1. So which residues in segment B:301-338 are touching a Gly at 6+ places or on another chain (Cβ under 8 Å) and of a type in the set (Phe, Trp, Tyr)?
2. Starting from residues that are part of a strand (DSSP E or B) and of a type in the set (S, T, N, Q), keep the ones in segment A:75-121 and report whichever is farthest from the other protein chains (Cβ to nearest Cβ).
3. Suppose we filter segment B:28-64 for residues that are modelled with pLDDT of 75 or more and either of a type in the set (Asp, Glu) or in contact with a Gly (Cβ under 9 Å, 6 or more places away or on another chain) (or both); how many remain?
4. Could you please give the count of residues in segment B:301-337 that are of a type in the set (A, V, I, L, M), part of a loop (DSSP other than H, G, I, E, B) and at the interface with another protein chain (Cβ under 8 Å from one of its Cβ atoms)?
5. State whether the residues of segment A:243-259 include one that is modelled with pLDDT under 95 and outside any helix (DSSP H, G or I).
6. Between A:Arg248, A:Arg290, A:Arg268, which is farther than 27 Å from B:Thr10 by Cα, surrounded by fewer than 18 Cβ atoms within 10 Å (Cβ to Cβ) and out of contact with any Ser or Thr (no Cβ under 9 Å at 6 or more places or on another chain)?
7. Would you mind finding the one in B:Val212, B:Val258 that is under 20 Å from the mean Cα position of the chain (by Cα) and of a type in the set (Val, Ile, Thr)?
8. Would you check if A:Pro283 is outside any helix (DSSP H, G or I), at pLDDT below 95 and facing another protein chain (nearest Cβ under 8 Å)?
2 protein chains.
Amino acid sequence: MSELRLDLATGEWVIIATERARRPHDFRRADAAGETPRETCPFCPGREAMTPGELYREPADGPWSVRVVPNKFPALSPGAEEAAPVSSDPVGMFLRRPGKGHHEVIVESPDHGARLATMSREAIAAVLGAYRARYRALRRTPNDARLIIIFKNCGEEAGTSLSHPHSQLVATPIVPLWIQSKHAVARRYWDMNRRCLYCDLLDAELAQKERVLFETEGFGVFHPFASRLPFETWIMPKRHTPSFGDVRDDELLELAQVLRATFRLLARGLGPFPYNYVVHSAPAGEEDRRFYLWHLEILPRLTMLAGFEMGSRIFINTAAPEATAAFLRSLAPEAALE
Amino acid sequence: MSELRLDLATGEWVIIATERARRPHDFRRADAAGETPRETCPFCPGREAMTPGELYREPADGPWSVRVVPNKFPALSPGAEEAAPVSSDPVGMFLRRPGKGHHEVIVESPDHGARLATMSREAIAAVLGAYRARYRALRRTPNDARLIIIFKNCGEEAGTSLSHPHSQLVATPIVPLWIQSKHAVARRYWDMNRRCLYCDLLDAELAQKERVLFETEGFGVFHPFASRLPFETWIMPKRHTPSFGDVRDDELLELAQVLRATFRLLARGLGPFPYNYVVHSAPAGEEDRRFYLWHLEILPRLTMLAGFEMGSRIFINTAAPEATAAFLRSLAPEAALE
């Protein structure tokens, strides 16, 4: 069972999850796990028994196109006891609590080699529909799902060794400090301006144009002004919607098209590239927040985070987002939407 | 010239430094730089002319054992104009300021293949002496050196492609939000307890023993309770000293021995491993802070930061620090000190 530990020096929680753990002497580099081969892939059809009990499947009958299962090595799990932090020392320096929460895997396709850039719009919409369904199911249990983060790791540099297309959902019983700080910033902006900061940021990017890749009726796609990473790309809805759980069906279909076009464009510019993406949403139970907007951040992992970033949390980006956006705009983004 | 950009959504500054930049179409993975070969290494003796003007050398005459030079591709530079942030849009969403600051390289040894685990105690003390000298020189210019971070990247996974032993110093004109938040936490602790949080953390770790690797008269070496990464190791002074600039000569020599022993021990457990280390200090001009303690954090880069970490800043650590510390204690830490 995992646990959450409080770093008293930063006020941040850390998850200690040793279930997938190598033993201490197995961290030697030679023992690093390679990529899981197709022959033993636990996410391929026919090996459904290798994954824990199914939480969602689409379609309900017959061969599945999307499946959601609990992560076999969960960072947080629903079985853990709900409990206040306890200290393991008399002075109270070492606070820990059980790792209660959820950690799920969304298997995006039965096809081991499927990629977002080449899947059909309907197939991608089915994946996004699974995100929304799980989001909606979990936000009803706000005690162990305060923050629901949906993310995808693709490529070894992005932290995965399973190449079968999949994304993950983690629901945490706490809202981490950084996210609290983001909400405080957005709330302050609302208080001052009576407008959503994120909507204003999107408007400003679309007006200034230099970092925009393309836009559709419902979405803007751009490299943000203060991009932390080369080719960092945000997809933002034009309709003010705090939570991904409240995206409409027609928006899901349009988002599928936009997501595919974005990955086509990035792949044209970069070739195959490792990346994470993250769907940010208002915390569960706070979906009515006027000051927050769900959005999807794509983080290509082309450079490594080094000591300066780890020690200061200031990112050094070696590419100007204006230059990379102009480069991608030169590669026919309109055609990518087709 | 680099620039600092404010991310309005997080309140965090990002450095856009394109001088070392590949052009947009050069981020394709095949073009990634490999390791610099010894034959063309700019840090080897005889190639001093390849680096910009020397800022420090030890000894002053004859062949050098340590050199400090400006980074050839600086993230921040002293030549930049000191200026208030300006907006590049009428609404004020896009705030930027010149990248004023310092970015230096500490060449740790004339020997291309030297390593901390095998260098002499005196040679390591000379490196630490260079850190302190540059720290002292720069803290006199607090306008463009509010925060001075000294760090080392070793290995490709840790963000370097230059294998000649070197560390870096970056002095920033701003104190980033995360560091401000750490100081606020420590100040609150001081206000409540009239004691230094970091001194208390060290005392608690040394008393509880389970995460301690070893201690000497002046230093404690341990895996912190809320370790973010497997084998994360902190070296902390027992004497309350807010700034690395105020370390005494006898402490430098002891620290050299402790640092070497720590790397010997980690290498015994892990084999060759990529890592960052970071020397944390109170901000320049605030060295009298009673609530802060300089310390050195070693961050082995054995696992990749994935989407969850990037999106929530909650770290998932797959190793319990108690287990890794017990493993390292079984490898004769006392002998490593010899």
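1. Scanning segment B:301-338 gives a single hit, B:Phe327.
2. Among those residues, the one meeting the criterion is A:Ser77.
3. Of the residues in that region, 6 qualify.
4. Result for segment B:301-337: 7.
5. Yes, segment A:243-259 contains at least one residue that is modelled with pLDDT under 95 and outside any helix (DSSP H, G or I).
6. Step by step, each of A:Arg248, A:Arg290, A:Arg268 is checked, and only A:Arg268 is farther than 27 Å from B:Thr10 by Cα, surrounded by fewer than 18 Cβ atoms within 10 Å (Cβ to Cβ) and out of contact with any Ser or Thr (no Cβ under 9 Å at 6 or more places or on another chain).
7. So the residue among B:Val212, B:Val258 that is under 20 Å from the mean Cα position of the chain (by Cα) and of a type in the set (Val, Ile, Thr) is B:Val258.
8. No; evaluated as a whole, the condition is false for this residue.
The values are calculated or read from the model by the stated rules, or taken from the named source; none is laboratory data. All values reported here derive from a predicted model rather than from experimental measurement. Positions of Cβ are generated from backbone atoms using ideal geometry, with glycine treated the same way; all protein chains shown enter the neighbour counts.
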